[in-house]
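I have placed the structure first, in the form of structure tokens, so that the comments after it can refer back to it.
The values are calculated or read from the model by the stated rules, or taken from the named source; none is laboratory data. All values reported here derive from a predicted model rather than from experimental measurement. For neighbour counting, all protein chains shown are included, and Cβ atoms are generated from backbone atoms with ideal geometry for every residue, glycine included. Each accessible area value is taken on the protein alone, full model and side chains, heavy atoms only, with ligands, DNA and RNA left out. Shrake-Rupley method; radii C 1.70, N 1.55, O 1.52, S 1.80 Å.
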Amino acid sequence: MKTESTRVLLIALAANVGIAVAKFVAAAITGSSAMLTEGVHSLVDSTNQLLLLYGQKRAAKPADARHPGGYGRELYFWSFVVALLVFALGAGVSVYEGIVHLLEPEPAVSPLIAYGVLAVAFLLEGGSTVAAFREFDAARKGKSWWRALTDTKDAATVIVLLENGAAMAGILVAAIGLAASQLTGDPHFDGIASILIGLLLGFVAIFLAREAKGLLIGEAADPALVAGIRRAATRDGVMGVGEIMTIHNAPTQIVAALNVDFDNRLSAGDVERIVGEIEAAVRADFPAVNRVYVRPHEDAGVKFGEGRGLMRS
């Protein structure tokens, strides 16, 4: 499953490893709580990208006797794990560190170093975010941003996009907290910045977990794809196309099953031929559909031109 999202993950991984090292060094020099929080954030992001790359590799394994449906959903499993890590390690550590700093505030030293690291980190995160944004925007196809986020089946790209977006917002919050501590002489602002970063990560983690859970359970394909399958099955010898069930096992692995009412005057050989034509047409029009099951059903329920039918997931 060597896709464009793999390139996005590799870019994000390279950026976050460098950023994490720089932030931890800056935190050690400056004593900034928000900077330490940002270092943990980047380290968690790096681990997450490694897990998603592993998930993509596992998802590409072919089906076998033990897993006849393939391994595609491994990517969604690791996406769910990533969401949990963002919540537990990213948000949890950030809030904890912020509370500790509020209880025992320490003034930051060498703040110019912190500002320099934050500026470089913002630029690197920006480059990674742009790569994820372009990949996501290309697949959006006119949908609203919110609809595209909730409908997409490419969990890896969405995770990188939201993680990096949260990272860029976190960098700005850390810089504001550090500046407020400097200007007022009150180090509590640095701890408050850490808590705000943690709350931001918590919100992102909850959203990612919700979306990953839906994909892991199984979500239907896009309605436009389902309509395309119905058109591909509509041909001579077919009296109607009924229920079409689709389910994503991975972003590019879709299983489709449809009820088809064949003309009763057809021979068994003719039905077999038409079934083969339907399967070939669906795979030709939609390469992501890797399995097609056609079930002859006398009461398919939808005749030509009616446009009704059911789609379940």
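Calculated FRET efficiency, residue 298 to residue 273, Cβ-Cβ distance, R0 = 22 Å: about 0.70 to the nearest 0.05. When the trypsin sites (Lys or Arg not before Pro) in the stretch 229-271 are filtered for DSSP coil states and for at most 16 other beta-carbon atoms within 10 Å of their beta-carbon, the remaining sites are 235, 265.
Solvent-accessible surface of protein heavy atoms, probed at 1.4 angstrom with all chains present, puts 245, 35 in the order 245, 35, largest first. For residue 31, the residues whose amide H sits under 5 Å from its own are 109, ignoring neighbours fewer than 5 places away on the same chain, with H placed 1.01 Å from N.
Of the trypsin sites (Lys or Arg not before Pro) found in the stretch 2-38, those in coil by DSSP whose Cβ has at most 11 other Cβ atoms within 10 Å are 2. Within the chain, the longest run free of exposed loop sites, counting GluC sites (Glu not before Pro) that sit outside DSSP helix and strand states (H, G, I, E, B) and have at most 13 other Cβ atoms within 10 Å, spans 1-297. Would you please give the residues with an amide H less than 5 Å from that of residue 239, counting only those at least 5 places away or on a separate chain, with H modeled from the backbone geometry? Here 261, 262, 263 satisfy the definition. Residues whose amide H lies under 5 Å from that of residue 249, counting only those 5 or more places away or on a different chain, are 254, 255; hydrogens are built 1.01 Å from N in the peptide plane.
Residue by residue, the stretch 131-143 carries 3J(HN,Hα) couplings of 4, 5, 4, 5, 5, 5, 5, 5, 8, 6, 6, x, 6 Hz when phi is fed to the Karplus relation 6.51 cos²θ - 1.76 cosθ + 1.60 (θ = phi - 60°); x denotes Gly or Pro.
Take every DSSP beta bridge whose two residues both sit in the chain; close to 55 percent of them are antiparallel.
What the phi angles of the stretch 45-58 give under the Karplus curve with 6.51, -1.76 and 1.60, with θ = phi - 60°, is a coupling list of 4, 4, 4, 4, 5, 5, 5, 5, 5, 5, x, 5, 5, 5 Hz, glycine and proline written as x. Surface exposure of the stretch 1-153, expressed per residue as accessible area with a 1.4 Å probe, stands at 49 Å².
Across the stretch 36-182, C-alpha contacts under 8 Å between residues 6 or more apart give a mean separation that, scaled by the residue count, equals a relative contact order of 29 percent.
Diffusion of the chain by Stokes-Einstein, at 10 °C in a medium of 1.306 mPa s and with Rh set to the Kirkwood radius over alpha-carbon pairs, works out to 73 µm²/s. Among the protein heavy atoms of the stretch 1-135, carbon and sulfur supply 73% of the accessible surface, probe 1.4 Å, non-protein parts ignored. Coupling constants for the stretch 227-236 follow from the phi torsions by the Karplus curve (6.51 cos²θ - 1.76 cosθ + 1.60, θ = phi - 60°), and in residue order they are 4, x, 5, 4, 5, 5, 7, 7, 7, 4 Hz; glycine and proline get x. Computed extension gain for residue 224 through residue 288, at 0.36 nm per residue and net of the alpha carbon distance, reaches 21.7 nm. The residues 130, 8, sorted by heavy-atom accessible surface at 1.4 Å with ligands and nucleic acids left out, run 130, 8 from largest to smallest. May I ask you to give the percent of accessible area on the stretch 154-313 that is carbon plus sulfur, with a probe radius of 1.4 Å? The nonpolar share, carbon plus sulfur, comes to 61 percent.
Put the Cα centre of the stretch 44-60 next to the Cα centre of the stretch 149-204 and the gap is 22 Å. Two decimals is fine: what is log10 I(q)/I(0) at q = 0.11, 0.16, 0.17 Å⁻¹ for the stretch 158-313, from a Debye sum with one equal scatterer on every Cα and no solvent? Reported log10 I(q)/I(0), two decimals: -0.59, -0.87, -0.93.
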